[in-house]
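What follows is a short report on a single structure.
The values are calculated or read from the model by the stated rules, or taken from the named source; none is laboratory data. Computed from a prediction, not measured in an experiment: that's the story for all the values here. We place every Cβ from the backbone using ideal geometry, glycine too, and count neighbours over all the protein chains shown.
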Amino acid sequence: MRAFFALIRRELVLALRHAGDSVASLLFFVIAASLFAFAIGPSEQVLAGIAPGVVWVIALLAALLPLNRLFAADYEDGALDQLMVSGLPASAVAFGKIIGHWLTTGLPLLIIAGPVAIMLRLDDAAVPQLLLTLLPGTILLSLVGGMSAAVTLGARGGTVLLPLIALPLMIPALIFGAAGAVATHPLSEFAMLLGLLALFLPMAPLAAGAALRAAVS
Amino acid sequence: MLEARSLAAIRGERLVFRDVSFRLAAGGALLLVGPNGAGKSSLIRLLAGLTPPAAGALLWDDQDALDDPPLHATRLVFVGHMDAIKPGLTVADNLGLARRRSRADIVAALATVDLERFADLPARLLSSGQRRRLALSRLALSSAPLWLLDEPTTGLDAASVRRLEANFARHRAGGGMIIAATHLPLDLPGSAGLDLSRAGS
């Protein structure tokens with residue numbers, strides 16, 4: 001367990017030193033959202049109607065940005081070999097790095113999603129419900145994205161392959177997340193999001209761990 | 001005690017080596033030699049549990065070592081041909097990255113490779129030989145008995161090689177084991193040699 005927390009601490013230290021990656025995905029999130037406002041115009045009715053869906057889609061794309069470096073940076077400089085012989089199972093290495101991705105990308109996106117939604121003229125009262133769907137949503141993004149990043153590690157054209165694998169897998173979460181953000185009684189949508197979480201929480205680290213083992217061998 | 005029984009490795013579609021067997025007792029050292037492509041790195045990675053063997057068995061105290069890779073990993077330190085150094089961090093922070101260490105431990109480890117003067121320098125400013133020495137300083141931070149080294153002396157000057165040989169001698173005197181793959185002459189008194197060029201197909 002100590003080695004696992006040491007791994008998460010390592011991810012946070014590296015993210016702080018190379019803050020550019022996390023900041024870039026946050027800036028992308030804000031800029032892409034404002035592009036919608038510029039393109040569609042400031043009409044409150046239109047913008048407020050599409051705001052939850054836009055925030056969800058852009059959060060998904062922004063979380064993808066740092067994913068291609070999630071394992072690749074360590075793979076290229078040999079640090080992944082060291083992690084694999086650190087005494088942690090491969091799935092724990094993958095899970096630790098996925099948690100690192102959520103803490104350095106998902107959590108900041110979650111924090112900034114509220115102001116971005118208000119910028120898109122979403123009613124203040126609707127913001128908490130949107131954030132509540134984004135909480136399991138960003139965790140799912142990190143799990144599915146981390147799994148896809150591990151699977152494409154070392155593959156030729158992995159950078160292109162990664163979104164092609166991750167985005168289709170995120171469609172269920174997107175459907176129920178964006179629907180749950182606007183539904184009057186979003187109980188079933190939340191149940192579906194939690195169901196997806198129950199599926200990917202054990203599966204993604206195991207699959208990513210197996211992919212990491214294959215990548216270093 | 002580490003024992004390899006007719007290990008074989010396949011990379012791509014090609015058999016790299018087969019029927020590699022050896023025994024290594026506490027305090028022993030094994031030098032892997034052979035031309036490029038003979039499978040020295042493959043064997044080191046196999047012994048580290050990174051690559052599964054295509055055939056054969058690896059035993060630690062007569063138990064299958066690769067049965068439980070995380071447990072096997074606690075017995076070894078692996079220094080591959082890549083240095084695993086983060087250029088944005090200082091030399092000391094690089095050593096404290098994998099696990100939090102006290103400053104004294106880090107400086108002591110750096111002293112074994114004569115890098116303690118550069119502890120607070122960003123690692124990107126190190127020369128390739130100094131990067132190699134920083135990678136080798138991880139050996140001093142671990143108490144694992146088995147050192148697996150892939151070309152440890154590449155890029156090192158003569159004084160650093162002698163310092164490394166002294167570290168090897170100290171580790172073996174304490175009951176440690178060393179397996180090193182190298183092209184360059186390395187003074188490991190009483191070490192066994194394993195020529196992989198004859199183990200190929």
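Could you tell me which residue of the range B:174-197 is surrounded by the most Cβ atoms within 10 Å (Cβ to Cβ), considering only residues that are of a type in the set (A, V, I, L, M, F, W, C) and part of a loop (DSSP other than H, G, I, E, B)? Can you show your working first?
Initial filter on the range B:174-197 (of a type in the set (A, V, I, L, M, F, W, C)): B:177-181, B:184, B:186, B:188, B:192, B:194, B:196.
Still in the running and part of a loop (DSSP other than H, G, I, E, B): B:184, B:186, B:188.
Working: B:L184: 10, B:L186: 21, B:L188: 18.
Only one residue fits best here, namely B:L186.
Identify, by number, the condition in (1) buried (at least 17 other Cβ atoms within 10 Å of the Cβ); (2) away from chain B (no Cβ under 14 Å); (3) touching a Gly at 6+ places or on another chain (Cβ under 9 Å) that A:A215 doesn't meet.
The number of the failed condition is (2).
Considering only residues that are over 13 Å from B:L89 (Cα atoms), in a loop (DSSP other than H, G, I, E, B) and among the aliphatic types (A, V, I, L, M), which ones fall in the range B:121-147?
Within the range B:121-147, the subset over 13 Å from B:L89 (Cα atoms) is B:127-130, B:132-133, B:135-147.
Adding the requirement that they be in a loop (DSSP other than H, G, I, E, B) leaves B:127, B:137, B:142-145.
Matches in the range B:121-147: B:A144 only.
Identify, by number, the condition in (1) surrounded by 19 or more Cβ atoms within 10 Å (Cβ to Cβ); (2) among the polar types (S, T, N, Q); (3) under 19 Å from B:R75 (Cβ atoms) that B:S143 doesn't meet.
Failing condition for B:S143: (1).
From the list A:G177, A:G209, A:G137, A:G145, pick out the single residue that is in a helix (DSSP H, G or I), within 14 Å of chain B (Cβ to nearest Cβ) and surrounded by 20 or more Cβ atoms within 10 Å (Cβ to Cβ).
Working: A:G177 fails: within 14 Å of chain B (Cβ to nearest Cβ); A:G137 fails: within 14 Å of chain B (Cβ to nearest Cβ); A:G145 fails: within 14 Å of chain B (Cβ to nearest Cβ).
After applying the criteria, what remains is A:G209.
Given A:A32, A:A63, which one is more than 14 Å from chain B (Cβ to nearest Cβ), under 23 Å from A:L132 (Cβ atoms) and free of Cβ contacts under 8 Å to residues at least 60 places away in the same chain?
Numbers: A:A63 fails: free of Cβ contacts under 8 Å to residues at least 60 places away in the same chain.
Only one candidate qualifies: A:A32.
Confirm whether B:S21 is hydroxyl-bearing (S, T, Y) and buried (at least 21 other Cβ atoms within 10 Å of the Cβ).
Details: hydroxyl-bearing (S, T, Y): yes; buried (at least 21 other Cβ atoms within 10 Å of the Cβ): no.
So B:S21 fails the test.
Please return the ranges of helices (runs of 4 or more DSSP H) entirely within the range B:54-120 where 2 or more residues are within 14 Å of chain A (Cβ to nearest Cβ) and surrounded by 16 or more Cβ atoms within 10 Å (Cβ to Cβ).
On the way: elements: B:69-73, B:91-95, B:103-111.
Answer list for the range B:54-120: B:69-73, B:91-95.
Could you tell me which of the residues A:A211, A:A198, A:A183, A:A207 is within 21 Å of A:L103 (Cα to Cα), touching a helix residue (DSSP H, G or I) at 6+ places or on another chain (Cβ under 9 Å) and not aromatic (F, W, Y)?
Values: A:A211 fails: within 21 Å of A:L103 (Cα to Cα); A:A198 fails: touching a helix residue (DSSP H, G or I) at 6+ places or on another chain (Cβ under 9 Å); A:A183 fails: within 21 Å of A:L103 (Cα to Cα).
Every option except A:A207 fails the conditions.
Inside the range B:1-14, can you point out the residues that are over 13 Å from B:L43 (Cβ atoms), in a strand (DSSP E or B) and at pLDDT below 90? Show your work before the answer.
To start, the set of residues in the range B:1-14 that are over 13 Å from B:L43 (Cβ atoms) comprises B:1, B:3, B:5, B:12-14.
Then keep just the ones that are in a strand (DSSP E or B); that gives B:3, B:5, B:14.
The answer is B:R14, and nothing else.
Can you tell me how many residues within the range B:148-173 are outside any loop (DSSP other than H, G, I, E, B) and more than 14 Å from B:V79 (Cα to Cα)? I'd like the intermediate steps shown before the answer.
Just the residues of the range B:148-173 that are outside any loop (DSSP other than H, G, I, E, B), to begin with: B:148-150, B:158-173.
Now drop any that are not more than 14 Å from B:V79 (Cα to Cα), which leaves B:158-163, B:165-167, B:169-173.
Number satisfying all stated conditions: 14.
So in the range A:87-114, with the set limited to residues that are more than 21 Å from A:G154 (Cα to Cα) and within 14 Å of chain B (Cβ to nearest Cβ), which one is modelled with the highest pLDDT?
Here the answer is A:L88.
Please enumerate the residues belonging to the range A:155-164 that are surrounded by fewer than 17 Cβ atoms within 10 Å (Cβ to Cβ) and either under 17 Å from A:A215 (Cα atoms) or among the aromatic types (F, W, Y) (or both). Full working, then the answer.
The first filter runs over the range A:155-164 and keeps only residues surrounded by fewer than 17 Cβ atoms within 10 Å (Cβ to Cβ), leaving A:155-157, A:159-161, A:164.
The answer is A:A155, A:R156, A:G157, A:T159, A:L161.
Which one of these does A:G114 not meet: (1) touching a residue at least 40 places away in the same chain (Cβ under 8 Å); (2) surrounded by fewer than 18 Cβ atoms within 10 Å (Cβ to Cβ); (3) part of a helix (DSSP H, G or I)?
Unmet for A:G114, out of (1) touching a residue at least 40 places away in the same chain (Cβ under 8 Å); (2) surrounded by fewer than 18 Cβ atoms within 10 Å (Cβ to Cβ); (3) part of a helix (DSSP H, G or I): (1).
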